[in-house]
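Heads up, the thing below is written out as structure tokens.
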Protein chains: 2
Amino acid sequence: MRAVDIIQRKRDGEELSADEIDFFIQGYTRGDIPDYQAAAWCMAVYFQGMTHRETTDLTLSMARSGRQLDLSDVADVVADKHSTGGVGDKVTLILGPMVAAAGQPVGKMSGRGLGFSGGTLDKLESIPGWSPELSTQAFKEQLRRVGLVVAGQTEDLAPADKKLYALRDVTATVPSLPLIASSVMSKKLAAGAHVILLDVKVGEGAFMRTLERAVELAEIMVAIGKLAGRKVAARVTDMNQPLGRAVGNALEVKEAIATLRGQGPDDLTRLLVAEAGHLLHMCGKVASEEEGEARARRTLEDGRALAKFRAFVEAQGGDPTVVEKPDRLLPKADVVRPLLSPRDGWLSRVNARTFGEVTVHLGGGRERKGDPIDHSVGIVLAAKIGDRIEQGQPLCYIHARTETEAQTAAEALLEAYDWSETPVAPPRLIKRTIR
Amino acid sequence: MRAVDIIQRKRDGEELSADEIDFFIQGYTRGDIPDYQAAAWCMAVYFQGMTHRETTDLTLSMARSGRQLDLSDVADVVADKHSTGGVGDKVTLILGPMVAAAGQPVGKMSGRGLGFSGGTLDKLESIPGWSPELSTQAFKEQLRRVGLVVAGQTEDLAPADKKLYALRDVTATVPSLPLIASSVMSKKLAAGAHVILLDVKVGEGAFMRTLERAVELAEIMVAIGKLAGRKVAARVTDMNQPLGRAVGNALEVKEAIATLRGQGPDDLTRLLVAEAGHLLHMCGKVASEEEGEARARRTLEDGRALAKFRAFVEAQGGDPTVVEKPDRLLPKADVVRPLLSPRDGWLSRVNARTFGEVTVHLGGGRERKGDPIDHSVGIVLAAKIGDRIEQGQPLCYIHARTETEAQTAAEALLEAYDWSETPVAPPRLIKRTIR
């Protein structure tokens with residue numbers, strides 16, 4: 001078998017065998033197949049696509065390229081949840097505690113933010129002392145004892161994906177559905193969860209801009225998971241405007257704590273109850289999604305979800321009193337200033353991508369891997385799509401390090417809004433469910 | 001400017017500017033842009049193509065990547081001729097002496113054979129002592145004195161092409177018309193000739209399998225040459241069966257000498273007179289192609305073409321008596337055995353590619369760059385498409401190192417033939433002329 005022949009077959013639109021894919025992926029991981037051949041192959045995949053069977057074989061091969069966690073000795077069923085990335089997406093911070101509080105262990109490996117899209121680890125690191133660095137043994141021990149873990153990806157998890165992702169980033173081959181799907185799913189499979197709920201974001205603030213592509217990506221990932229013997233479902237959810245009201249690391253943790261306390265924004269709470277109910281049903285903890293939703297809602301009402309979050313923070317070295325005193329413990333920006341609406345109307349557009357990009361420029365995100373970030377900065381929305389707003393009322397509050405940076409942010413954010421003279425319906429959050 | 005953005009723009013089917021192309025090519029040549037980005041870019045070009053303007057800018061950029069010869073101090077007009085490669089293609093060995101004998105200097109840089117396609121330098125090296133290694137000064141001096149030079153490409157000629165070609169070879173991006181055209185033309189432009197006649201081979205024994213693709217390649221190359229200020233024309237010629245009767249290095253030199261003596265096969269002689277006439281007219285030596293053809297034919301009849309070949313061989317260190325005693329001086333194979341026709345009929349197929357591949361297996365060509373070759377081996381055809389043949393008559397003669405190798409070759413060659421029960425017209429050699 002020769003790498004060049006495999007590239008050529010894909011270039012010509014042929015279906016690669018499992019052996020050919022594995023030869024290519026393991027060879028690339030070992031360094032026997034050089035970057036330039038992998039780059040040409042990725043571009044051929046970009047143009048010719050892959051069947052679900054090929055994508056599954058690619059995913060399994062990438063999962064096999066490193067260590068694979070086996071969590072069966074911890075619990076019969078371990079749940080995981082993955083979002084394809086958006087703006088203001090603090091779902092993991094709330095869903096994990098809710099599901100764990102309902103008796104279902106959740107073990108998750110998470111990533112950091114890059115570009116306009118935030119990362120769960122960055123958000124949690126707003127909490128003094130909290131750390132994502134856990135040995136496999138510590139991961140399992142915490143999963144057993146607390147029922148909830150969020151760790152950073154270890155170096156030996158799907159190394160093929162790490163190498164391939166870095167390569168795709170510099171060869172303009174990121175936006176290929178089979179490559180995106182296999183990248184996500186290889187890490188999920190290697191991380192050992194039995195049940196996986198995927199949240200595929202769609203809209204202006206997501207990598208998938210159209211519903212069609214988002215649904216296709218969701219379908220591919222669900223197909224991979226099933227062919228790999230896991231229980232997987234996906235929801236395609238709106239990411240045209242930020243999720244909830246807070247964007248920025250500490251601001252999102254604060255909103256997550258409020259939501260766990262039952263005082264979160266309506267749209268966010270509704271989405272979380274639906275997702276938690278779905279996940280509990282997938283894990284076999286309840287007889288129906290409706291029953292799951294009722295049970296999930298109760299964890300918010302009776303304080304168990306908040307208590308689980310507290311225990312989870314403490315288990316990973318964080319100060320648990322953040323739950324009682326978020327304002328005192330979380331980092332705060334020096335400058336907070338409102339952005340006032342220049343006109344009356346119903347908000348018809350609140351472009352999530354702009355919010356993500358402005359947060360990066362405020363210092364709360366990173367352009368390049370490894371850049372330091374400021375956890376305190378960000379934006380809190382005062383109004384969302386469908387809301388009636390009068391001239392001079394605040395659209396949002398900018399949390400910045402300096403007046404100048406706040407001013408620059410304000411100018412950019414104004415471009416993110418559109419107003420309508422007639423009432424506008426708020427967008428449906430859940431657009432599609434793929435089981 | 002960033003390489004990844006240029007890859008992305010080409011991936012998305014956009015037209016690159018001259019500056020973008022030059023940034024990419026010079027950056028790649030210097031090593032600032034790595035192989036993996038160039039590989040992804042080549043694959044994007046494979047899928048999205050290039051306009052003639054882009055291809056010309058690419059060619060000029062590649063030509064500029066190294067030293068560019070200026071031959072204006074040697075002669076007002078220097079002619080060059082290039083073939084895209086075929087089987088039994090000894091045109092350069094005959095055309096060069098004819099045109100030079102007619103008073104038009106020919107200065108040419110040539111390559112070696114790879115795969116089923118032979119190379120002019122390998123053929124000439126059958127002649128004891130002959131060497132393609134000339135300094136620029138020696139090249140110019142011989143061009144001035146003899147009027148004919150065939151040299152190897154110097155390392156500093158279009159280094160971007162050398163690097164890119166090696167990369168394309170291992171990334172399945174060879175068969176892209178803009179990349180093929182720019183590879184050929186960048187070397188031609190850098191080598192300094194003012195008038196260039198291109199011979200684009202089409203058929204089973206050529207890289208271009210269909211007339212449509214061959215014509216497209218010819219048109220691109222002619223367009224590039226014109227946009228670059230040179231006089232360029234192209235002929236698309238048949239390469240379904242080998243050209244002439246001999247395939248193999250020394251065997252082809254022997255056939256070339258016979259043709260220069262006026263005793264060559266008809267089809268080969270006709271093609272050469274036509275091409276030489278065309279080239280002489282392009283160079284302004286004659287008023288019409290017909291006049292050029294007449295003058296070219298005379299160089300064969302009065303011995304001037306043969307004398308020019310003799311002087312050329314001697315100038316580059318070769319033994320000139322090869323012209324009088326080819327059988328004594330050229331290397332000869334130990335075994336010569338006929339392949340007999342298993343049936344009666346008119347020959348309808350004599351697959352040139354098989355002849356090329358069998359010659360490689362006999363030891364007369366190379367699979368990989370740098371492989372040593374045996375100049376003595378090859379095949380001499382006794383019949384060609386359209387010829388009537390009886391069972392038991394020889395189809396061809398195999399020149400091999402051993403009986404076993406001859407036997408293996410015979411079995412493979414038999415697959416190259418088809419017979420018809422009704423008369424078959426021989427293929428037209430010149431299929432299209434692009435001016």
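The values are calculated or read from the model by the stated rules, or taken from the named source; none is laboratory data. Quick caveat, the model's predicted, so the values are computed rather than measured. Positions of Cβ are backbone-derived with ideal geometry, glycine not excepted, and every protein chain shown enters the neighbour counts.
Consider A:Glu275 against the criteria (1) part of a helix (DSSP H, G or I); (2) in contact with a Gly (Cβ under 9 Å, 6 or more places away or on another chain); (3) crowded, with 20+ Cβ neighbours inside 10 Å: it satisfies all of them except one. Which criterion is unmet?
A:Glu275 satisfies every listed condition except (2).
Tally up the residues in region A:279-312 that are in contact with a Leu (Cβ under 8 Å, 6 or more places away or on another chain) and under 20 Å from A:Val149 (Cα atoms), please.
Number satisfying all stated conditions: 10.
Hey, among the residues in region B:377-412 that are touching a strand residue (DSSP E or B) at 6+ places or on another chain (Cβ under 6 Å) and small (Gly, Ala, Ser), which one's farthest from B:Val247 (Cα to Cα)?
My answer is B:Gly392.
Kindly state which helices (runs of 4 or more DSSP H) lie completely within region A:284-393 and contain at least 2 residues that are surrounded by 14 or more Cβ atoms within 10 Å (Cβ to Cβ) and of a type in the set (D, E, K, R).
A:289-301, A:304-315, A:352-359
When you scan region A:128-182, how many residues do you find that are under 30 Å from B:Phe24 (Cα atoms) and not in a helix (DSSP H, G or I)?
Total meeting the criteria: 6.
Would you check if there is a residue in region A:201-211 being in a strand (DSSP E or B), among the aliphatic types (A, V, I, L, M) and at pLDDT below 95?
yes
Starting from residues that are within 13 Å of the chain's Cα centre (by Cα) and small (Gly, Ala, Ser), keep the ones in region A:158-214 and report whichever is nearest to the other protein chains (Cβ to nearest Cβ).
That would be A:Ala206.
Between A:Ala383, A:Ala425, A:Ala412, A:Ala400, which is closer than 17 Å to A:Glu204 by Cα and modelled with pLDDT of 95 or more? Quick ask: steps written out before the conclusion?
On the way: A:Ala383 fails: closer than 17 Å to A:Glu204 by Cα; A:Ala425 fails: closer than 17 Å to A:Glu204 by Cα; A:Ala400 fails: closer than 17 Å to A:Glu204 by Cα.
That would be A:Ala412, the only listed residue that is closer than 17 Å to A:Glu204 by Cα and modelled with pLDDT of 95 or more.
Find the residue count for region A:27-66, including only residues that are surrounded by 20 or more Cβ atoms within 10 Å (Cβ to Cβ), away from chain B (no Cβ under 13 Å) and assigned to a helix (DSSP H, G or I).
So the count comes out to 11.
With (1) closer than 16 Å to A:Ala190 by Cβ; (2) of a type outside the set (Phe, Trp, Tyr); (3) in contact (Cβ under 8 Å) with a residue 60 or more places away in the chain as the list, and A:Gln153 as the residue in question, which single condition is left unmet?
(3)
Of all residues being among the small types (Gly, Ala, Ser) and within 13 Å of chain B (Cβ to nearest Cβ) in region A:1-26, which is surrounded by the most Cβ atoms within 10 Å (Cβ to Cβ)? Just the residue, please.
Across region A:1-26, the extreme among qualifying residues is A:Ala3.
Could you say which residue among B:Ser182, B:Ser176, B:Ser126, B:Ser135 is closer than 19 Å to B:Gly66 by Cβ, in contact with a helix residue (DSSP H, G or I) (Cβ under 6 Å, 6 or more places away or on another chain) and among the hydroxyl-bearing types (Ser, Thr, Tyr)?
Result of the check over B:Ser182, B:Ser176, B:Ser126, B:Ser135: B:Ser182.
What's the number of the only condition in (1) in a loop (DSSP other than H, G, I, E, B); (2) polar (S, T, N, Q); (3) buried (at least 24 other Cβ atoms within 10 Å of the Cβ) that A:Ser72 fails to meet?
The number of the failed condition is (3).
Suppose the filter is in contact with a Leu (Cβ under 8 Å, 6 or more places away or on another chain) and either closer than 28 Å to A:Val202 by Cα or of a type outside the set (Lys, Arg) (or both); does A:Ala79 pass it?
yes
Of the residues that make up region B:221-233, is at least one free of Cβ contacts under 8 Å to residues at least 40 places away in the same chain and of a type outside the set (Lys, Arg)?
yes
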